[in-house]
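One structure is given below, encoded as structure tokens.
The values are calculated or read from the model by the stated rules, or taken from the named source; none is laboratory data. Note that the structure is a prediction, hence the values are computed from the model and not measured. Positions of Cβ are generated from backbone atoms using ideal geometry, with glycine treated the same way; all protein chains shown enter the neighbour counts.
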Amino acid sequence: MNAALPRWADLILLPLINLLLALGLTALIVLATGSDPVAALTALAVGSLGSADAIGYTLYYATNMAFTGLAVAVAFQGGLFNIGAEGQAYLAGLGVALAALNLEFLPPALLVPLAILAGAGFGAFWAAIPGWLQAKRGSHIVITTIMFNFLAASLMVYLIVNVLIAPGSMSPETRRFTTAADLPGLASFGFPSSAPVNLALVLALLAAGGVWLLIWRTPWGYALRVMGESPEVARYAGIDQGRMTVLVMALSGALAGGVAVNELLGAQHKLLLGFTGGYGFTGIAVALMGRNHPGGVLLSALLFGALTQGGAEMAFEVPDVPSEIVVLIQGLVILFAGALGNMLRPGLSRLLQRKPA
Amino acid sequence: MAASDAAAPAIELVGIDKRFGAVHANRAVDLVVRRGHIHGIIGENGAGKSTLMAILHGFYQADAGTIRVNGHEATIRDSRDAIRLGIEMVHQHFMLVERFTVLENVMLGAEGGARLAPGAARARAELSRLGEAYGLTVDPDARIEDLPVGAQQRVEILKALYRGAEVLILDEPTGVLTPQEADDLFRVLRALRDQGRTVLLITHKLREIMAITDRVSVMRAGQMVAHRNTAETSIAELGELMIGRRLSAPAPRPAPRLGETLLEARGLSLRDAAGVERVKGVDLALRGGEILGIAGVAGNGQGELLEALAGMRTPSAGEIRLNGRTVFPGRDFNAASLRRQRLGHVPEDRLRSGLVRTARAAETAILGYQHDPAYRTGLGLLSHDKILAHGARLMRDYDVRPADPSLRSSLFSGGNQQKLILGREIERDPAVLLVGQPTRGVDIGGIDAIHQRLLACRAAGKAVLVVSVELDEILALADRILVMFDGRIMGELTAAEATEQRLGLLMAGVQDVAA
């Protein structure tokens, strides 16, 4: 049952109600654990949006999620469920680090773009393999991308611990990249905070615009959407689906590589173990909530970024609220906005139809 | 059952009303079906027949109105209620478990206890009794997947009877049958009637109504427009009632002005994904200015042949020549490349492959031609304005209603979707036009418009190939007819030689003795 809703209600009102439901249920659970839900939710809100620092961190997290969200969304437009953004982002870190560590002699204006390209390239390569396996061998992309997450993790542990580790260092990370490879923080453009939010945010916005153009304004994007709608229709239209699958997976992996740019060039300035921090998986939820539309992905990335940042603050400010509550909120948001996203649709549609619009 | 019931009608519907959003599918429908009758319900697609039957079978519930079964008011909330009242439905698409035997399918849902054996023995006895009583003979131990379609349908009917059906609803039962199989079905239905059961036959084929029913009700636009005793009406009258205007007799066609051979296949064979050979050494040649019809019962390789000719599947052997050039075997054999070589293709199953369902009509109208620079802006990006303008023009030219290019493709009726696809393929001025099931799911008014379009292509010197399971359609359109059976061409008839009888035999795999 896909009840018709006006566009504004579909895109804004319904997600908002779902979000409020998730927060309401969280409040009830906080209450049940014997804490003050008002204090907890206030800490969440203030912690994520209440100050320049809070906003800075929120945007910093949101940047990662925007990249992985876009990665998942673009593949999904072609009917491909890329679960492997985590591994692709991780491998992209290798590309970024190799460029940053080996091309130190270059000026920033060359080094930074090259490092970004290397990251995107490595991410694209890591995603294209499962794409190729599906296109040529029929191996299901969900399975292979999951497997490739494990492969990426093992490979990166080996490389960081045994090969790339800074000489004499005890912690599993490379030496610091040259400062020429630093992606400038927004602070250097007058943003009143020392939060690690950096130019990768702008890159994410550009990527979202690019993805939008590609999907809705090019014949290639048209063909991609046709394939996502139905492989049968694509076959009828003479679309080369094998080629399409490899290409869109490569694009998806390149987008996931943005996490490495934000984290390594923008914040950490070195390659370290586990820097992807699960953003690849959050990206699935972000894309789901953002309806696989670049605009929606940006908004939901902002929401998830705020939840991450605000949640950390809440755990700090209201210590008797278990820190797992943040994960709970994220889970509930995904549940209400994604899995149960259509639960309220028929009721809302009836309600809106009753009063003349 | 009380004695007074004997006189009451088997089914009585009073004032049935059903809306789906803005669509008023049934408006105050009244229907009386007498016991021991074969009662036909005809109407165009979208007239509300299926909705009405779905209400009777408990799939939908009416917004208003009363259902009486044997004179008693009944509430039918789901199909279990319907079955309890003795109302059974034989669906257009069979609801059988392919890998089960006939016996297992018949018992399904009526196993009769935790242990299968006693129930199975009972079912076996009952099956043989029913088989004898109604001439419904099927081997109880055959697997469904091994049975021909006609036999599968008999299993559906047996299943219904086994569960005690008093009223049997058949939804377009002859769509997948050869004429001979349809005759067998009609014999069974008559036997059922003669033993006091009631049959409700839903169809849009007027000839069937005349051949088999006792009484007929006509639906149009959600309303019952007439009830007639079959003996007192005619095809012409029913046709008029059904579409609300007089049907024009088909205009005689001028003889074909044959041009060059534009499409040719030699020894064409094709295997499906499972490696089964679906097309076996087919030869055909198609010249400009003629319509070649391919007849056959659904599933005898016509669909696969069509897809191979369109470049959607790679043949396993043989040769295809298009406009005098060998395209298969060849390096660039695919649908996009053949399309560039002026081959238009209206696919058999438009919902599955011809239509971008969730996209706007204007986007469906460029499917396959999305690379055409005519739809780009100066910067090389797709131009929504140009796509919409093209869609609007196409919809106007081909009378697609509503003519709103921004409307989702899935929201159009079958006939209008088909006109949109046909328009898309014809407007490119193809040399060869392949059309699969041109009017499947299209209402009568639409059928006429589509046939006119195809005849116009013929007059314009195009080579037109029509694959259809509707014999009427083949007979109305084709200059030459090839009949396919089990992946082979069983025979070729000219339009003048073709009769339903001869086609039917070929479709059943019997070589034409007269030929």
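Looking at the structure I just gave you, is B:Phe412 within 11 Å of chain A (Cβ to nearest Cβ) and either touching a strand residue (DSSP E or B) at 6+ places or on another chain (Cβ under 9 Å) or touching a residue at least 24 places away in the same chain (Cβ under 8 Å) (or both)? Judged against the criteria, B:Phe412 is not a match.
Among the residues of the stretch B:266-284, write down those that are charged (D, E, K, R) and crowded, with 16+ Cβ neighbours inside 10 Å.
B:Arg271, B:Glu277, B:Arg278, B:Lys280
Can we say B:Gly509 is surrounded by fewer than 18 Cβ atoms within 10 Å (Cβ to Cβ) and either in contact with a strand residue (DSSP E or B) (Cβ under 7 Å, 6 or more places away or on another chain) or not assigned by TED's automatic domain parsing to the domain that holds B:Gly281 (or both)? The answer is yes for B:Gly509. Checking the stated criteria, A:Glu263 turns out to be acidic (Asp, Glu) and closer than 26 Å to A:Tyr158 by Cβ.
Tell me whether the stretch A:146-162 contains one or more residues that are assigned to a loop (DSSP other than H, G, I, E, B) and either at pLDDT below 95 or of a type outside the set (A, V, I, L, M, F, W, C) (or both). Give the derivation first.
Pass one, the stretch A:146-162, residues assigned to a loop (DSSP other than H, G, I, E, B): none.
Checked against the condition, which is being assigned to a loop (DSSP other than H, G, I, E, B) and either at pLDDT below 95 or of a type outside the set (A, V, I, L, M, F, W, C) (or both), the stretch A:146-162 yields no hits at all.
Taken over the stretch B:31-87, the criterion of being under 19 Å from B:Lys18 (Cβ atoms), crowded, with 18+ Cβ neighbours inside 10 Å and among the basic types (Lys, Arg) is satisfied by B:Lys49 alone.
In the stretch B:434-456, the residue that is nearest to the chain's Cα centre (by Cα) out of those that are of a type outside the set (Val, Ile, Thr) and over 19 Å from B:Ala295 (Cβ atoms) is B:Asp443. Among the residues making up the stretch B:304-333, those that are under 28 Å from the mean Cα position of the chain (by Cα), over 17 Å from B:Met484 (Cβ atoms) and within 11 Å of chain A (Cβ to nearest Cβ) are B:Gly311, B:Met312.
So which of B:Gly259, B:Gly196 is in contact with an Asp or Glu (Cβ under 9 Å, 6 or more places away or on another chain), assigned to a loop (DSSP other than H, G, I, E, B), surrounded by 14 or more Cβ atoms within 10 Å (Cβ to Cβ) and among the small types (Gly, Ala, Ser)?
None of the other options fit; the residue is B:Gly259.
What do you reckon, is B:Ile209 farther than 30 Å from B:Lys462 by Cα, among the hydrophobic types (A, V, I, L, M, F, W, C) and crowded, with 20+ Cβ neighbours inside 10 Å? Against the criterion (farther than 30 Å from B:Lys462 by Cα, among the hydrophobic types (A, V, I, L, M, F, W, C) and crowded, with 20+ Cβ neighbours inside 10 Å), B:Ile209 qualifies.
Taking the conditions exactly as written (modelled with pLDDT under 95 and at the interface with chain A (Cβ under 9 Å from one of its Cβ atoms)), does B:Gln370 satisfy them or not? The answer is yes for B:Gln370. The residue that is nearest to the other protein chains (Cβ to nearest Cβ), among those in the stretch B:336-367 that are part of a helix (DSSP H, G or I) and hydroxyl-bearing (Ser, Thr, Tyr), is B:Ser353.
Scan the stretch B:133-163 for residues that are of a type outside the set (S, T, N, Q) and not in a helix (DSSP H, G or I) and report the count.
Adding up the residues that qualify gives 11.
When the stretch B:486-515 is examined, which residues are found to be assigned to a loop (DSSP other than H, G, I, E, B) and without any contact (Cβ under 8 Å) to a residue 60 or more places away in the chain? Scanning the stretch B:486-515 gives B:Ala495, B:Ala496, B:Glu497, B:Ala498, B:Thr499, B:Gly509, B:Val510, B:Gln511, B:Asp512, B:Val513, B:Ala514, B:Ala515. In the set (1) assigned to a strand (DSSP E or B); (2) within 25 Å of the chain's Cα centre (by Cα); (3) not assigned by TED's automatic domain parsing to the domain that holds B:Val29, B:Met224 fails one condition alone, (3). The set of residues in the stretch B:373-403 being closer than 17 Å to B:Arg357 by Cα and modelled with pLDDT under 90 consists of B:Val400, B:Arg401, B:Pro402, B:Ala403.
Screening B:Val469, B:Val435, B:Val483, B:Val464 for residues that are in a loop (DSSP other than H, G, I, E, B), among the β-branched types (Val, Ile, Thr) and on the phi < 0 side of the Ramachandran plot leaves exactly one candidate, B:Val469. Scanning the stretch A:227-284 for residues that are of a type in the set (S, T, N, Q) and farther than 18 Å from A:Ile215 by Cβ yields A:Asn262, A:Gln268, A:Thr276, A:Thr282.
The residues of the stretch A:235-250 that are facing chain B (nearest Cβ under 9 Å) and within 18 Å of B:Leu355 (Cβ to Cβ), listed by number, are A:Arg235, A:Tyr236, A:Ala237, A:Gly238, A:Ile239. Scanning the stretch A:177-228 for residues that are within 14 Å of chain B (Cβ to nearest Cβ) and closer than 16 Å to A:Thr63 by Cα, we see that the one that is surrounded by the fewest Cβ atoms within 10 Å (Cβ to Cβ) is A:Gly209.
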